[in-house]
Amino acid sequence: MRLTRRGFIKALGAGAGALAGTRLAGPGLLGRALAATPEPTSVVVIWLNGGINAIFTGADAFTNTAFGVTSSNITALGGGVVVDNTLANAIPQGLRSRVASVGIRHGIADHGQAQSRMFVSNGQSAPLVLANAIGGNGAIKAAVVGGNSLPNGARPQPVGSASLQGITDMKATIDAVAGATPAPNTVDREGALHGLRAADAMSDSALSKSPKSLASVDQGYEAAIATLQKPVQPFNVQEFNNAYGLNGTAVRGFAAKMAAAELMVRTGTGFVIAEDGGWDTHGDRNGNTVRNAFSQRIANPLRTFLTRVVEGELNERNVIVAILGDFHRSLPGSDHQANLAALVIGKRIKNGTTGKTDARVSLPPNTPSIDGFWQFLGAAARLDNSPFGANPHPSLLA
Amino acid sequence: MRSVPKSLLPIAGIVAVTIAVLSPSRATADANDEDAADRVARCANRLSIAMVGETASPDLLASRAPQTATDAFLRDPRFIERFSRFINSQFNMTPGMTPAEDATYYLAKYVLENDKPWTEMFLGPYDIVPSNPQQPASEAVVRPDPNGLGYFRSRAWMVRYAGNEPEGMRIVAAYRIMWNTIGLTLTATTNAPDADVSAAGRQATQCRGCHLESWFALDKVAEVLGKRRGPDDDIQFDPPTGGPKQILGGISVSNDKELVEALVSNEAFDVNACRLAYKYLYGRTEYSCEGPAFDRCVAAFKKDKRIQSAIAAVAKDPTFCE
Amino acid sequence: MSRTFAITLAGLALALAACDEPLEDGFRRRNRPLGSDPSGEGQPGGDDPTQPGSCDEGSPHVGFAGTDFTAGRPLGGLGADRRRIKPFSAMESELRRVLGVVPSSLATSASAFGDIPARWYAEPVAGAVSLYTTYSLAFTACYDAMSDSVYAQPPTPATATEECRKLQHKAWLRAPTAEETKECVDLAVTTLASEPSPRRRWAHACASVLSAAGFVSY
């Protein structure tokens with residue numbers, strides 16, 4: 001019998017069933033210490049494609065001087081974290097003490113570079129390293145909701161059991177995790193599991209001749225089979241539609257992406273990214289463009305997600321939400337500032353900031369860069385032996 | 001059965017063996033025919049899905065020479081729509097915020113529908129504008145404009161890629177023009193956040209190569225485009241000043257039109273056309289061992305500068321089908 | 001920081017983060033076994049004229065400032081990485097080609113395969129959900145098409161071999177290998193033996209063939 005990585009894992013039973021806890025003591029089944037978390041953990045990145053105005057991470061740097069910031073349109077959450085009201089109002093009261101601003105001094109003012117490099121740490125795909133380290137019992141370890149790639153079109157190679165899976169339809173995803181309504185001509189999950197295994201086995205020839213162009217097929221079989229091996233998790237599309245004010249099942253628009261993010265968190269996915277476009281707001285000197293965009297598109301779905309998933313499941317899960325973008329907007333013209341801060345909300349986060357800029361939107365020279373952000377997320381997720389290294393923002397964790 | 005004379009048996013045996021060696025059995029011949037039929041059917045389906053995104057017709061699946069259908073596919077509205085979308089995704093990082101910002105889509109479609117040379121994308125006398133001037137988000141149209149330069153002088157495109165250089169230099173536009181015509185791709189250098197990104201700052205060692213010294217030196221190319229001026233919600237564009245500049249490795253250029261003329265008359269333009277053809281038909285750029293087929297594409301494209309000729313050369317090449 | 005610019009093939013620089021990251025766990029993907037590269041891509045090909053190291057790489061194409069604009073091409077043999085995932089737009093016509101029927105649920109399934117904005121193009125990408133959806137759609141189409149009396153009988157090794165081989169050939173446009181047919185037969189005859197409906201067993205085998213890379217790619 002040909003020894004394959006997937007066959008080895010299957011033989012050891014590492015993928016079977018639903019483990020209630022996820023921490024594995026000592027060396028793992030693969031002979032290496034596995035980073036794991038003490039509770040179901042998910043990191044949800046909300047990526048504002050084009051940039052994130054610093055009024056959402058440290059607004060008080062510009063009071064009465066820039067971006068239309070006044071003392072009446074900002075809220076101090078505590079610990080020096082001051083944000084625009086459009087964002088503050090989206091954060092439930094119960095979470096306001098669990099918000100931090102994390103500085104990232106990356107030196108990048110180019111969109112393509114920023115969108116690529118923000119997701120790489122030590123030469124690897126940081127989201128997949130994180131998802132693999134979180135582990136957990138979700139079949140899909142890392143998901144992009146409403147798309148098939150990271151920002152800038154990146155589709156990284158898998159890391160361990162974590163490959164990037166696109167979630168573009170709620171019903172199709174729910175059918176995969178829960179099964180469709182039974183009917184004579186409707187597929188059953190068990191049969192589909194066996195059938196997809198056979199399909200996978202029948203695909204060797206094609207996959208071996210086109211390993212790059214069909215990589216997503218190879219990874220897709222693995223994730224689909226893992227999904228079908230899990231016990232049924234009943235979800236209802238209508239429940240999500242009602243909660244997020246949706247109509248239909250396509251993951252289109254930010255509200256649908258938040259709904260899909262909730263679905264994936266509930267299935268045990270360790271890393272989810274939801275991207276929203278149109279944030280390259282040149283000329284937005286008074287900040288109105290970003291305020292309007294935030295209040296019209298982002299605020300309500302974000303609030304729903306934070307209420308239902310982060311605050312609502314505080315005792316059961318550790319869900320970390322990080323809001324960031326390519327870079328901050330510079331002054332005077334809201335152009336490209338080669339640094340940023342991420343606003344992070346979660347159970348293990350406490351009020352504090354390493355991301356407060358000066359009035360010129362600059363961060364102190366000793367502010368950590370991209371690696372520091374992922375190191376922080378690893379610590380917030382309470383990874384054993386974090387693959388990213390020590391957290392350079394210890395003051396931001398409870 | 002009549003008995004064979006003993007004296008002939010060894011010879012008959014030899015002949016029988018010889019016949020068996022030299023002639024395939026009927027079963028093998030049938031299998032070879034089946035393989036050949038499968039091969040052309042796969043070729044037909046590969047061509048059809050690559051060109052128009054749908055299965056080959058039954059006639060094409062049964063055709064002995066499916067690649068001859070390439071010319072018909074090139075006139076198919078499904079191909080024109082699909083290829084126009086493809087070009088838009090190749091020439092821009094993201095979809096435009098308004099239809100007019102997707103000027104490349106509209107002009108590609110126009111060029112294909114009207115069987116124009118591919119150079120018209122970049123040099124043609126056109127303007128891509130919202131169909132309703134009062135509604136910037138209305139569907140866009142291609143209008144004749146004697147001052148047009150492909151889509152490069154369409155306002156929505158110019159504003160989209162106006163850039164934010166402190167002195168108004170259109171460095172982003174310079175890069176985009178070279179990217180779209182000759183496939184130039186550059187990787188931005190990381191700076192310290194407070195680095196000087198002005199013209200003086202771009203003199204720094206890590207910046208000069210891209211901006212000042214290479215044949216594609218962005219600042220030098222941008223000099224012939226003129227400058228942007230005014231706030232982002234009311235950008236104006238001024239013509240270049242200062243006379244001709246020596247750029248692109250020693251070519252004298254005075255303005256955007258001369259720049260584009262120089263770009264599209266260079267070998268690099270022909271190479272990029274075939275690279276686009278490969279990416280459309282193969283989903284990737286050409287590999288090293290596909291060099292000869294790529295060369296045939298470049299030769300075909302040079303004859304009439306039609307992108308259809310490049311695509312046809314690749315699609316009809318024996319290497320396209322297994 | 002040292003100068004980082006490079007003249008590259010369009011898209012390669014921007015795709016760096018997505019390409020060729022090392023596999024941390026020491027295992028290769030199933031389709032690229034340790035120590036071998038069946039596609040021949042990137043490996044010296046010895047005397048094989050279709051492989052790098054022995055193949056004709058064509059001519060240089062020299063442009064501005066004496067630059068060869070074909071330098072830096074990725075190494076790869078003829079026929080390497082040529083298969084692509086079929087777009088959703090081909091799914092209806094492909095199911096009709098093979099089965100003659102299309103499930104009604106196909107019309108509402110487009111978004112499971114990824115939404116493409118207006119005036120835009122994206123190379124199709126497969127994933128867990130799209131493959132499961134493909135299987136599900138194929139199962140329904142297969143079941144609906146399998147009204148013949150042969151499918152009312154449980155599959156046997158003989159009947160399953162014949163039906164599997166026929167379907168694989170039709171769907172993939174090539175003769176299957178014995179191993180590939182065996183996977184299909186084993187599914188129908190053995191693995192799904194506990195499925196009480198013979199027609200559903202047949203439909204699963206059919207759906208499996210239509211979810212294999214030979215059908216979902218071209």
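Exactly one residue out of C:Tyr135, C:Tyr143, C:Tyr151 is within 10 Å of another protein chain (Cβ to nearest Cβ), part of a helix (DSSP H, G or I), farther than 26 Å from A:Ser208 by Cα and at pLDDT 95 or above, and it is C:Tyr143. So which residues in region B:246-271 are touching a helix residue (DSSP H, G or I) at 6+ places or on another chain (Cβ under 9 Å), without any contact (Cβ under 8 Å) to a residue 40 or more places away in the chain, more than 10 Å from chain C (Cβ to nearest Cβ) and surrounded by fewer than 19 Cβ atoms within 10 Å (Cβ to Cβ), if there are any at all? Within region B:246-271, B:Gln246, B:Ser252 meet the criteria. Residues in region B:273-285 that are within 7 Å of chain C (Cβ to nearest Cβ) and either over 15 Å from C:Gly77 (Cα atoms) or surrounded by 24 or more Cβ atoms within 10 Å (Cβ to Cβ) (or both): B:Arg275, B:Gly283.
No other residue among B:Pro166, B:Pro99, B:Pro133, B:Pro95 is more than 27 Å from A:Leu48 (Cα to Cα) and not polar (S, T, N, Q) apart from B:Pro133. The condition (being surrounded by fewer than 24 Cβ atoms within 10 Å (Cβ to Cβ), away from chain B (no Cβ under 14 Å) and farther than 30 Å from A:His336 by Cα) is satisfied by just one residue among A:Asp200, A:Asp204: A:Asp204. If you take the residues of region B:148-165 that are within 11 Å of chain A (Cβ to nearest Cβ) and in a helix (DSSP H, G or I), which of them is farthest from the chain's Cα centre (by Cα)? My answer is B:Val159.
Inspect region B:123-130 for any residue being within 28 Å of C:Gly63 (Cα to Cα), surrounded by fewer than 18 Cβ atoms within 10 Å (Cβ to Cβ) and modelled with pLDDT of 95 or more and give the result as yes or no. Checking region B:123-130: at least one residue is within 28 Å of C:Gly63 (Cα to Cα), surrounded by fewer than 18 Cβ atoms within 10 Å (Cβ to Cβ) and modelled with pLDDT of 95 or more. Only one of the numbered conditions (1) more than 7 Å from chain A (Cβ to nearest Cβ); (2) part of a helix (DSSP H, G or I) is violated by C:Val129, and that is (1). Has region C:99-116 got at least one residue that is crowded, with 16+ Cβ neighbours inside 10 Å, within 7 Å of chain B (Cβ to nearest Cβ) and not hydroxyl-bearing (Ser, Thr, Tyr)? Checking region C:99-116: not a single residue is crowded, with 16+ Cβ neighbours inside 10 Å, within 7 Å of chain B (Cβ to nearest Cβ) and not hydroxyl-bearing (Ser, Thr, Tyr). From the list B:Ser84, B:Ser57, B:Ser63, the one residue that fits, being within 30 Å of A:Gly50 (Cα to Cα) and of a type in the set (Gly, Ala, Ser), is B:Ser84. Among the residues making up region B:92-108, those that are more than 9 Å from chain C (Cβ to nearest Cβ) and either closer than 23 Å to B:Ala300 by Cα or touching a strand residue (DSSP E or B) at 6+ places or on another chain (Cβ under 8 Å) (or both) are B:Thr98, B:Ala100, B:Ala103, B:Leu107, B:Ala108. Residues of region A:207-224 that are within 19 Å of C:Glu180 (Cα to Cα) and either of a type in the set (D, E, K, R) or in a helix (DSSP H, G or I) (or both): A:Leu207, A:Ser208, A:Lys209, A:Val217, A:Asp218, A:Tyr221, A:Glu222. The combined condition, being within 7 Å of another protein chain (Cβ to nearest Cβ), outside any loop (DSSP other than H, G, I, E, B) and surrounded by 21 or more Cβ atoms within 10 Å (Cβ to Cβ), is not fulfilled by C:Ser93. Residues that are farther than 14 Å from C:Ala65 by Cβ and in contact with a strand residue (DSSP E or B) (Cβ under 7 Å, 6 or more places away or on another chain) were ranked within region B:201-226; the one that is farthest from the other protein chains (Cβ to nearest Cβ) is B:Gly226.
Let me spell it out: the conditions are (1) in the same structural domain as B:Ile177 (by TED's automatic domain parsing); (2) outside any helix (DSSP H, G or I), and B:Thr55 meets all of them except one. Which number is the exception? It fails just one condition, (1). Of the numbered criteria (1) within 14 Å of chain A (Cβ to nearest Cβ); (2) at pLDDT 95 or above, the one B:Asp233 fails is (2).
Selection over region B:298-319 of residues that are free of Cβ contacts under 8 Å to residues at least 24 places away in the same chain and in contact with a helix residue (DSSP H, G or I) (Cβ under 6 Å, 6 or more places away or on another chain) gives a count of 2. Just checking, does region A:175-185 include any residue being more than 8 Å from chain C (Cβ to nearest Cβ) and within 30 Å of A:Leu383 (Cα to Cα)? Yes, the conditions are met somewhere in region A:175-185.
Taken over region B:210-245, residues that are of a type outside the set (Ser, Thr, Tyr) and crowded, with 16+ Cβ neighbours inside 10 Å amount to 21. Among the residues of region B:166-186, how many are under 14 Å from B:Leu259 (Cα atoms) and either among the hydrophobic types (A, V, I, L, M, F, W, C) or under 13 Å from the mean Cα position of the chain (by Cα) (or both)? Residues in region B:166-186 being under 14 Å from B:Leu259 (Cα atoms) and either among the hydrophobic types (A, V, I, L, M, F, W, C) or under 13 Å from the mean Cα position of the chain (by Cα) (or both): 9 in total.
So for region C:157-172 (the condition being free of Cβ contacts under 8 Å to residues at least 40 places away in the same chain, closer than 27 Å to B:Leu281 by Cα, more than 7 Å from every other protein chain (Cβ to nearest Cβ) and not polar (S, T, N, Q)), does at least one residue qualify? For region C:157-172, residues free of Cβ contacts under 8 Å to residues at least 40 places away in the same chain, closer than 27 Å to B:Leu281 by Cα, more than 7 Å from every other protein chain (Cβ to nearest Cβ) and not polar (S, T, N, Q): present. The single residue among C:Ala126, C:Ala80, C:Ala71 that is over 30 Å from A:Gly248 (Cα atoms), crowded, with 23+ Cβ neighbours inside 10 Å and aliphatic (A, V, I, L, M) turns out to be C:Ala80. A:Met202 fails exactly one of the following numbered conditions: (1) within 31 Å of the chain's Cα centre (by Cα); (2) closer than 17 Å to C:Ala207 by Cα. What is the number of that condition? (1) is the only condition that A:Met202 fails. When the residues of region A:79-119 are filtered to those that are of a type in the set (D, E, K, R), closer than 22 Å to A:Pro392 by Cα and within 11 Å of chain B (Cβ to nearest Cβ), the one that is surrounded by the fewest Cβ atoms within 10 Å (Cβ to Cβ) is A:Arg117.
Look at (1) more than 27 Å from A:Phe62 (Cα to Cα); (2) in a loop (DSSP other than H, G, I, E, B); (3) charged (D, E, K, R) and you find that A:Arg360 fails only one, number (1).
The values are calculated or read from the model by the stated rules, or taken from the named source; none is laboratory data. In this text the structure is predicted, and so the values were computed from the model without any measurement. Don't worry about glycine lacking a Cβ; one is built from the backbone with ideal geometry, like all the others, and counts go over all protein chains shown.
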